[in-house]
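The block underneath contains the structure these notes are about, expressed in structure tokens.
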Amino acid sequence: MSKTLMVTGASKGIGLETVRRFLQNDAEVTTIVLVARESEDYTQALAELEEINERGVTLAPYFADLADRGGVIRLCAEIVKAHGNVDILVNNAGYTKPVPLQQVDFADFERTIAVNLYAPFTFVQELLHHGNKFELIVNIASTAGINGRSGWLTYSASKAAVINMSEVMREELAIYGTRVVCISPGRTATALRRVLAPDEDPSTIMQPQDVAEVIEMLASPVGRFVDSANLVVRQ
Ligand SMILES: NC(=O)c1ccc[n+]([C@@H]2O[C@H](COP(=O)([O-])OP(=O)(O)OC[C@H]3O[C@@H](n4cnc5c(N)ncnc54)[C@H](OP(=O)(O)O)[C@@H]3O)[C@@H](O)[C@H]2O)c1
């Protein structure tokens, strides 16, 4: 069995650790499609992944700003043409700019919804339109989507919508044999968390590797027994 995994937000944090784990541990995954914006971090991450790529997995990096829906639609066509079916999709990319309600800039609210909600929706819908058959879709929401947090209005709202959207996807796609799981991580030591909590000591909270391990478990044989629409992962 030869599978294609696609991870958005693969340049750092949870996304990068997810790619690393599948690359090293899942013998069935022979192609990994990575998506993020072009950056030095991403270039460095790709070089590091190639260094540990002992199985000769095809690492296919793409550069895209997920706030651009037209770009996401074009990207889906490119990916299908180059790699065929995407078996496992991890909708992980996320954006936040926390500010109090009075200071919310509407354009930034739109950007948050575009990256965190519309992009995962568009990847799923567009790939389905191309005839894709997903085995597993993992949408990364947040515990902030379960309980709104002061100062995080746009982020919390976007993640609440991801949790709800995942429930609908889970119900609608079950007839195709697709499993849809939403993961809501708690505090995880990444760049995004530093934006939300700049004064926190990252060594005291969950690490991105921990969340990646849970995602890997979902794709493993035992993962099919996880019957949960929203899996909370926290310390
Ligand atoms: N860290 C936490 O405490 C925590 C808790 C709950 C949920 N989460 C969720 O976990 C997911 C991963 O975040 P992380 O914590 O690992 O943060 P991170 O290290 O900052 O990674 C975020 C990823 O999203 C990508 N991204 C952001 N905006 C993008 C855009 N416009 N177009 C394309 N890619 C974009 C980034 O790529 P670029 O290189 O393009 O910036 C990066 O790869 C997010 O959905 C986040 O909301 C995190």
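Below is a table of values for the structure above.
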read-out	value
Formal net charge of residues neighbouring Glu213 (Cβ-Cβ distance under 13 Å; K, R +1; D, E -1)	-2
Long-range HN-HN contacts of Arg179 with modeled amide H, under 5 Å	Leu136, Ile137
Residues whose placed amide H lies under 5 Å from that of Gln207, excluding near-sequence neighbours	Ala189
Per DSSP, loop GluC sites (Glu not before Pro) in the range 1-76 with at most 11 further Cβ within 10 Å	Glu54
Inverse mean reciprocal Cα-Cα distance (Kirkwood Rh) of the range 3-233, Å	17.7 Å
Most positive-pole-ward Cα, Pro185, Ala161, Ser203, against dipole of the chain from beta carbon charges	Ala161
Rounded to whole Hz, the Karplus (6.51, -1.76, 1.60) HN-Hα couplings of the range 137-144, x for glycine and proline	10, 10, 9, 9, 9, 5, 4, 5
Label-zone membership for the range 22-61, site Val222, 7 angstrom Cα→C-beta point, backbone N under 17 Å	22, 25-27
Accessible area expressed per residue, the range 33-135, with surrounding protein chains retained (probe 1.4 Å, Å²)	52 Å²
Net charge dipole size for the range 1-152 [Lys, Arg +1 and Asp, Glu -1 on Cβ; Debye, nearest 20]	380 debye
Apportionment of accessible area to carbon and sulfur, the range 3-233, percent (1.4 Å)	51 percent
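The values are calculated or read from the model by the stated rules, or taken from the named source; none is laboratory data. Nothing here was measured: the structure is a model prediction, and the numbers come from that model. Here the Cβ is made from the backbone with ideal geometry for all residues, glycine too, and neighbour counts use every protein chain on show. The area values use the complete protein model at the heavy-atom level, side chains included, leaving out ligands, DNA and RNA. Shrake-Rupley method; radii C 1.70, N 1.55, O 1.52, S 1.80 Å.
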